[in-house]
Ligand code: SF4
């Protein structure tokens with residue numbers, strides 16, 4: 001069997017933001033993860049999980065039970081107040097309408113699609129990812145992918161339009177999922193793909209606020225996006241052969257980067273995973289990742305199904 005290289009959109013974004021950050025975290029090299037001091041799950045993850053649970057259980061989902069189960073996994077009372085406001089509003093204003101107009105087809109749909117144009121004699125290359133929710137709208141005979149996003153403010157429109165994640169997911173629905181759903185008789189043979197709906201819910205404790213943005217892409221735009229993505233993936237494949245990568249400083253990416261301490265210590269000097277694992281202090285802050293990102297993402301989605309006993313984070 002040939003070795004596999006798997007690229008996700010998160011990995012592409014990391015590569016474009018800072019090659020050093022990418023080189024230390026890529027699943028296609030030896031990926032490091034920062035050891036977290038807190039065992040609490042992040043509010044966004046808990047909200048995502050609550051929505052997955054609610055769309056799965058439909059009318060049987062019980063808001064009070066979800067909140068009680070999630071409470072011990074949140075960082076503090078403030079986060080609980082925010083989650084409570086978000087979920088109460090969602091259960092009142094959004095979920096009943098969604099369940100009336102949509103049939104739930106998939107929750108956390110994982111894909112791993114071979115990229116034949118990039119695969120070589122030595123390597124099989126795949127694009128991989130997970131779509132939060134896939135639904136069928138009978139009234140329009142249309143399949144939609146839904147991506148849940150939580151933030152204090154809504155996304156800027158240029159970013160929403162340029163974001164590679166919904167574009168790739170729309171591509172996967174069109175080229176991969178539609179055929180599969182038709183062959184399994186989940187949707188009529190003449191069903192079509194609508195696109196991706198970005199389902200944004202504000203992280204606020206004062207009021208419930210949400211927004212839906214429909215992302216649809218014409219054929220010309222799809223063609224150019226695919227060509228652009230292929231060119232980036234080719235660059236990533238070539239860069240995989242380098243021992244280390246240079247840092248690219250940017251206020252936004254550095255602010256949220258797990259490798260800040262690495263850069264504080266080494267600045268522009270060459271640094272590899274090995275250097276970090278043998279460093280006097282940094283070796284205590286990082287370990288080699290043993291569970292793949294997507295698998296870890298799915299594992300973290302067990303708190304509600306386990307009735308609160310999950311301790312994967
Ligand atoms: S801190 Fe900034 S420069 Fe350093 S790895 Fe992270 S993103 Fe790159």
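Here are some notes:
- The chain: most fluctuating residue of 97, 230, 174 per GNM, C-alpha cutoff 10 Å: 97
- Structure-based [θ]222 nm, the chain - -39500 (n - 2.57) summed over DSSP H runs of at least 4, per residue, nearest 500: -11000 deg cm²/dmol
- Distance histogram for the chain (every C-alpha pair counted, 10 angstrom bins, percent rounded to whole numbers): 5, 23, 32, 27, 12, 2, 0
- q = 0.19, 0.20, 0.21 Å⁻¹: log10 I(q)/I(0) that the Debye formula gives for the stretch 11-97, counting C-alpha atoms only: -0.84, -0.87, -0.91
- For the chain, built as a Gaussian network whose Cα springs stay under 10 Å, the top-fluctuating residue of 182, 143, 82: 182
- Placing pseudo-labels 7 Å out from each Cα toward the beta carbon at residue 139 and residue 232 gives an inter-label distance of 3.5 nm.
- Three-way shape call for the stretch 177-258 based on the alpha-carbon gyration tensor, with the a/c threshold at 1.5: oblate
- Where both bridge residues fall in the chain, DSSP classifies roughly 60% of the beta bridges as antiparallel.
- By the Stokes-Einstein formula, at 1.002 mPa s and 20 °C, the stretch 126-188 with its Kirkwood radius over alpha-carbon pairs has D equal to 161 µm²/s.
- Extent along the principal axes, Cα only, for the stretch 119-278: 59, 56, 29 Å, with the longest axis given first.
- For the residues 173, 277, 83, a GNM of the chain with alpha-carbon springs under 10 Å puts the largest fluctuation on 277.
- The order of 36, 234, going from fewest to most other C-beta atoms within 10 Å of their C-beta, is 36, 234.
- Descending by average beta-carbon neighbour count within 10 Å, the peptides 129-138, 62-71 line up as 129-138, 62-71, the highest first.
- Point-to-point label distance, residue 214-residue 121, nm (Cα→Cβ direction, 7 Å offset): 5.0 nm
- Ranked by how many other Cβ atoms sit within 10 Å of their own Cβ, fewest first, the residues 55, 217 fall in the order 217, 55.
- When DSSP beta bridges are restricted to pairs lying wholly in the stretch 1-140, around 70% turn out antiparallel.
- Debye-formula intensities of the stretch 68-180, expressed as log10 I(q)/I(0) at q = 0.15, 0.19, 0.20, 0.24 Å⁻¹, are -0.91, -1.18, -1.22, -1.34 (one equal scatterer per alpha-carbon, no solvent).
- Fewest-first sequence of 94, 214, 201 by Cβ atoms within 10 Å of each Cβ: 214, 94, 201
- Alpha-carbon centroid distance for the pair the stretch 175-228 / the stretch 93-141, whole angstrom: 8 Å
- Whether the stretch 211-274 is rounded, prolate or oblate, judged on the alpha carbon gyration tensor where a/c under 1.5 counts as rounded: oblate
Throughout, read-outs are computed from the coordinates displayed, never taken from laboratory work. Just so it is clear, the structure is predicted and the values come from calculations on it, not from any experiment. Heads up, the Cβs are rebuilt from the backbone with ideal geometry, glycines too, and the neighbour counts pull from every protein chain shown.
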